[in-house]
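One structure is given below, encoded as structure tokens.
Nothing in this text is a laboratory measurement; each read-out follows from the coordinates by a stated rule. Because the structure is predicted, anything quoted here is derived from the model rather than measured. As a convention, Cβ positions derive from the backbone with ideal geometry for all residues, glycine included, and neighbour counts pool all protein chains shown.
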């Protein structure tokens, strides 16, 4: 499940509904749109496997002991175009395969 966060500008109710419809048409009907709720609640309720979001949600992922990929605008590389998608896949692979996730899920000695 993909959880996407954007905070460009507030949407008025008619624009928000249009925006949601656009996302459903382009992402497919099996996607879930999160209109409200805290990130902690969403991660817990939907059994999220990985969180891809801005840096302020890093602690949500750490508390849930799930991998986190920071896609904040302050990163040192971009995700635009084909090469950007290759870089995103590389970063996601590094995140998912990091040995830290096995370590944090193992009970302490």
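Tabulated results
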read-out: Length gained when the stretch residue 86-residue 72 is fully extended (0.36 nm per residue, less Cα-Cα span); value: 3.3 nm
read-out: Distance between modelled label sites at residue 101 and residue 21, nm, 7 Å Cα→Cβ extension; value: 3.7
read-out: Residues 105, 75 arranged by fewest to most Cβ contacts within 10 Å; value: 105, 75
read-out: Whether region 36-109 is rounded, prolate or oblate, judged on the alpha carbon gyration tensor where a/c under 1.5 counts as rounded; value: oblate
